[in-house]
Amino acid sequence: MSNVVELKQLYNTGKRRKIFVIFSLFLALIVVSLISISLGAASPGIQEAIQVIFAKTLPFLKLDPGPQLAQTIIWNIRLPRLLLAIIAGAGLAAAGATMQGILRNPLVSSYVLGISSAAGFGAALAIVFGISVVSIYSGYIIIGNAFIFCLLAMVMVYLIARVRGMSSETVILAGVAVGFLFSALLALIQYMAPATEAISAIVFWLMGGLYNATWDNLIICVPIVGVTIVLMMFQAWNINIMSMGEEVAVSLGINSKRVLAINMVLETVATASIIALTGIIGFVDLIAPHIARMLIGNDYRYLIPCSVVLGAFMLLCADTVGRLIIMPTELPVGIVTSLLGVPFFIYLLVSKRRKSFS
């Protein structure tokens, strides 16, 4: 009996520690958000930023929003960009953690289904030839194409993998094949592009950035990504079981193929919604789940929320660095995440902490 009590106390202690870690990361995210929104070529300051945000979000209090310049910078430029960085980082990290658990492979990312190459191909079609696969407002043909081709890549991977039984290995191999297909098609478009300006536009889009951060785009992106993150969290128990192996999942009554298909859809919708607005942003979806494992372990009930906060924190920090490092211009955030992510990833591979990959 005493052993049971000790185990329960140990479990509760571990649970409180995990919640404390997630809460601490959330507080760190708030602090970095306040610092980020107040820094730039024009720096209104944290107090003015808070004043503008409260005045705009709580109009019934009739607070003074401050100078017009500060309102324009904070409300129209900085805040939408900050929110896009947070939702994009959170969505990519959640998708990466989910796919690593479902496919039982710590080296896969949310782009494992070939959707990054497919998004690049869809964007290139719109940039070079003005081709839209759906009838859509001209200002959104790049975003629309990128999103649709992400979904198309997922469908192709699913159909190919289903032929061989929908195992994790076949999904990864099918994703690699589809990714190479769309990479080849993207290279073909770049080769056929009639002007160097179009090629430059494609390369710029592929670098990844938060330039499309507007309130109109956020109204579309935030609900989609937010809902998919919540649904991934609801899949945490299934992912815990799936991460133990397909045989264990089947013995416990889990329909592994159904769980894999559901999470493929959730991961693709979340990632496609983000890529369509930001372009290709790498390493957040790969690194954030690993850091979360090092902090709180492999229980996906806590790993996914921790990855969400870490992903938002990492991408916001990367964007802030990209904006400030060579002011008044900026580095695309995709370059910054790669420059910061590669050394850390190598460190994980060669350090004693490589057990985090198990």
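Which residues, counting only those in region 263-278, are surrounded by 18 or more Cβ atoms within 10 Å (Cβ to Cβ), more than 14 Å from the chain's Cα centre (by Cα) and of a type in the set (A, V, I, L, M, F, W, C)? Let's see the steps before the verdict.
Pass one, region 263-278, residues surrounded by 18 or more Cβ atoms within 10 Å (Cβ to Cβ): 263-264, 266-278.
Still in the list and also more than 14 Å from the chain's Cα centre (by Cα): 263-264.
Hit for region 263-278 is Met264, nothing else.
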In region 202-246, the residues that are hydrophobic (A, V, I, L, M, F, W, C) and either in contact with a Gly (Cβ under 7 Å, 6 or more places away or on another chain) or not in a helix (DSSP H, G or I) (or both): Trp205, Leu206, Met207, Leu210, Ala213, Val225, Ile229, Ile239, Met242, Met244
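What's the total number of residues in region 315-358 that are of a type in the set (Ser, Thr, Tyr), at pLDDT 85 or above and within 16 Å of Gly40 (Cβ to Cβ)?
1
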Single unsatisfied condition, Ala249 versus (1) in a helix (DSSP H, G or I); (2) out of contact with any Ser or Thr (no Cβ under 7 Å at 6 or more places or on another chain); (3) under 30 Å from Arg164 (Cβ atoms); (4) of a type in the set (A, V, I, L, M): (2)
Qualifying residue in region 177-192 (condition: surrounded by 15 or more Cβ atoms within 10 Å (Cβ to Cβ), among the β-branched types (Val, Ile, Thr) and closer than 16 Å to Cys150 by Cα): yes
Only listed residue being surrounded by fewer than 23 Cβ atoms within 10 Å (Cβ to Cβ) and closer than 17 Å to Leu107 by Cα, chosen from Ile291, Ile325, Ile281: Ile291
Single residue of Val225, Val176, Val248 found to be over 27 Å from Thr320 (Cα atoms), among the β-branched types (Val, Ile, Thr) and within 24 Å of the chain's Cα centre (by Cα): Val176
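Which of the helices (runs of 4 or more DSSP H) contained wholly in region 51-126 include at least 2 residues that are buried (at least 24 other Cβ atoms within 10 Å of the Cβ)? First the steps, then the outcome.
On the way: elements: 68-71, 79-102, 115-124.
Helices (runs of 4 or more DSSP H) meeting the threshold: 79-102, 115-124.
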Test for Met154: is it assigned to a helix (DSSP H, G or I) and either in contact with a Leu (Cβ under 7 Å, 6 or more places away or on another chain) or of a type outside the set (Gly, Ala, Ser) (or both): yes
Failed item in (1) touching a residue at least 12 places away in the same chain (Cβ under 8 Å); (2) assigned to a helix (DSSP H, G or I); (3) not aromatic (Phe, Trp, Tyr), with Arg258 passing the rest: (1)
Members of region 153-192 that are free of Cβ contacts under 8 Å to residues at least 12 places away in the same chain and touching a helix residue (DSSP H, G or I) at 6+ places or on another chain (Cβ under 7 Å): Arg164, Thr170
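Please verify whether region 243-257 includes one or more residues that are within 23 Å of Gly226 (Cα to Cα) and surrounded by 18 or more Cβ atoms within 10 Å (Cβ to Cβ).
Here is the first cut: in region 243-257, the residues within 23 Å of Gly226 (Cα to Cα) are none.
No, region 243-257 contains no residue that is within 23 Å of Gly226 (Cα to Cα) and surrounded by 18 or more Cβ atoms within 10 Å (Cβ to Cβ).
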Residue check for Ala85: aliphatic (A, V, I, L, M), within 17 Å of Thr337 (Cα to Cα) and touching an Asp or Glu at 6+ places or on another chain (Cβ under 6 Å): yes
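The values are calculated or read from the model by the stated rules, or taken from the named source; none is laboratory data. Since we're looking at a predicted model, the values are computed, not measured. Here Cβ is always computed from backbone atoms with ideal geometry, including for glycine, and neighbour counts include all displayed protein chains.
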